[in-house]
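K.L.:
Starting off with a structure, shown below.
The values are calculated or read from the model by the stated rules, or taken from the named source; none is laboratory data. If you're wondering where the values come from, they're calculated on a predicted model, not measured in any experiment. Neighbour counts run over all protein chains shown; Cβ positions are idealised from the backbone, glycine included.
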Amino acid sequence: MTGPVHVVFGSGPVGRATALALVRRDLPVRLVNRRGRAALGRDREALRAVELVTGDATDAAFASSAARGAASVYQTLNPEYHRWAEDFPPLQRAVLAAAESARARFVNMDNVYSYGRPGGRPLTEQSPQHPHTRKGRVRLEMADELWSAHRAGRVEVVSGRASDYYGPGAGIASPLGDRVLDAVVAGRRVSLFGDPDLVHNYTYLPDIGEGLAVLGTRADVVGSAWHLPNDPEPWSSRAMVEEFSRLAGTRPRIGGLPKTALRAVGIFNPTVRELVEMAYEFEEPFVVDSSRMAALGVRATPIPEALERTVAAYRADHA
C-alpha cells in the first residue's frame, strides 16, 4: 500500500465498509475507534492490514493526532440514537478540526433525514430540505456547519447521503438487520416498520463503502452532497424479506409494526422511542435517487445479489 493515509473515524458497519473499500483500492488506511480490534467483528481478518488507533474522538488533541498525514478523513461515527442532539454535533466538530489540522479532505457520512417527508416524490440531491423531525434538524444543522467550513476555505468537504442501510454486518441497527434475519431463519413472525408493501430504498452497506471511498479519492466531487448508490428499482420491505425467506428456506409470517407499538416499547427503550418520529419514512413510498453518483460509475449492487450476500454473511456469522 502506497500514498497518504486515509483515516476512517468509526468502526461500525459503515466505517468497516468504508475501510474495506479503501483497502480494495490498495490504499493505506487508519481506522479510529474506541474499543480496539474486537470492535471489527466479522471484518477483523479482512482489515488485518489496517492501522488501528484507539481513543476518544471527542478529544480534539487525540483526533488531530489520529488524522496526522491524512489525505482524506471519513466521518462515519454514530452516537447512540437517543443522544444525537447532545453528542453528534461536538463529535463532528472534533473530526472536522482534525481534518482541518491535517489539511485533509473531510468526507461526511450523512443520511436523508434533513429532507423531511418526500411528499410522493423521489428524493434527489436538489430536493428541498425541510426537516420536520428533531433528528432531521440536527442533521441539517451539522451539514450547514460543514458547508460553512468549506465555503470559508478551511477544509474541503464532500458528503455522502444514504438511506436506511442493510447488508453483511448490519447488526440490529438496520431495519433489515439481525432482528429481521433472526426471525426469518427461525421461521417466526417478522414485524416490519410501517406499511411493508410500500417501496422503500435501502442502501447496501458495501455500496455505501464504495461510494464514500470514491468521494474520498476523486478530485471532482468536493463541495457537494451525493446520494450513495441505491438500486433504481426499489422493492417493498415485504418483497425483500420474502426473498430473505426463500434463501433461508423458511416461510415466516410478515406484518407491519405500527407506530403505536413503537410508542409502547419506547416507554422502556430510549432507542426505540427515537424511532417513532422516523416512522414517516415507512408510511409512503420512499425512493432515493442516486443516478448522479451512478454517472460517476458507482452503481448499486442489484437487490437480489445484495440479499443473497447478506443471507450468506448472516449464516457464516451464526454458524
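K.L.:
If the requirement is being within 26 Å of residue 72 (Cβ to Cβ) and either assigned by TED's automatic domain parsing to the domain that holds residue 236 or among the charged types (D, E, K, R) (or both), which of these qualifies: 178, 164?
P.N.:
The conditions single out 164.
K.L.:
Oh, and also: Starting from the range 263-274, take each residue that is outside the structural domain of residue 80 (by TED's automatic domain parsing) and within 19 Å of residue 84 (Cβ to Cβ) and list its partners that are modelled with pLDDT under 75 and not in a helix (DSSP H, G or I), counting only C-beta distances under 8 angstrom and pairs at least six apart or across chains.
P.N.:
Taking only residues 6 or more apart or on different chains, the pairs are 273/267.
K.L.:
Moving to a separate point now. Tell me yes or no: at least one residue of the range 189-196 is within 25 Å of residue 42 (Cα to Cα), within 22 Å of the chain's Cα centre (by Cα) and β-branched (Val, Ile, Thr).
P.N.:
no
K.L.:
Which pairs turn up if I take residues in the range 99-110 that are over 16 Å from residue 144 (Cα atoms) and look for partners that are of a type in the set (S, T, N, Q) with beta carbon separation below 7 Å, at least 6 apart in sequence or on another chain?
P.N.:
101/64; 104/72; 105/72
K.L.:
Tally the residues that are buried (at least 22 other Cβ atoms within 10 Å of the Cβ) and either under 18 Å from residue 247 (Cα atoms) or free of Cβ contacts under 8 Å to residues at least 24 places away in the same chain (or both), restricting the search to the range 171-211.
P.N.:
Here the count works out to 6.
K.L.:
Restricting attention to the range 212-225, and to residues there that are surrounded by 24 or more Cβ atoms within 10 Å (Cβ to Cβ) and small (Gly, Ala, Ser), which single residue is farthest from the chain's Cα centre (by Cα)?
P.N.:
216
K.L.:
Restricting the search to the range 25-43, which residues are exposed (fewer than 15 other Cβ atoms within 10 Å of the Cβ), among the basic types (Lys, Arg) and out of contact with any Gly (no Cβ under 9 Å at 6 or more places or on another chain)?
P.N.:
35
K.L.:
Now, a different point. Show me the helices (runs of 4 or more DSSP H) entirely contained within the range 210-319 in which 2 or more residues are over 19 Å from residue 186 (Cβ atoms) and touching a helix residue (DSSP H, G or I) at 6+ places or on another chain (Cβ under 6 Å).
P.N.:
Passing ranges, in order: 259-266, 270-275.
K.L.:
Pairs please, first residue from the range 45-57 and in contact (Cβ under 8 Å) with a residue 40 or more places away in the chain, second anywhere and aromatic (Phe, Trp, Tyr) and in a strand (DSSP E or B), Cβ atoms under 7 Å, 6+ apart in sequence or on different chains.
P.N.:
57/9
K.L.:
Does at least one position in the range 157-176 carry a residue that is among the aromatic types (Phe, Trp, Tyr) and under 17 Å from residue 308 (Cα atoms)?
P.N.:
Yes, the range 157-176 contains at least one residue that is among the aromatic types (Phe, Trp, Tyr) and under 17 Å from residue 308 (Cα atoms).
K.L.:
With the checklist (1) surrounded by 15 or more Cβ atoms within 10 Å (Cβ to Cβ); (2) of a type in the set (Gly, Ala, Ser); (3) in contact with a helix residue (DSSP H, G or I) (Cβ under 7 Å, 6 or more places away or on another chain) in hand, flag the one item residue 85 doesn't pass.
P.N.:
The one condition residue 85 does not meet is (1).
K.L.:
Please go through the range 241-263 and give me each residue that is more than 14 Å from residue 183 (Cβ to Cβ) and among the charged types (D, E, K, R), ordered by number.
P.N.:
243, 246, 259, 263
K.L.:
Kindly provide the set of residues from the range 128-176 that are assigned to a helix (DSSP H, G or I) and among the basic types (Lys, Arg), ordered by number.
P.N.:
134, 135, 137, 139, 151
K.L.:
Which count do you get for residues in the range 187-232 that are over 24 Å from residue 19 (Cβ atoms) and aromatic (Phe, Trp, Tyr)?
P.N.:
So the count comes out to 1.
K.L.:
Output the residues belonging to the range 122-146 that are touching a residue at least 40 places away in the same chain (Cβ under 8 Å), of a type outside the set (A, V, I, L, M) and closer than 16 Å to residue 201 by Cβ.
P.N.:
Correct list: 122, 124, 125.
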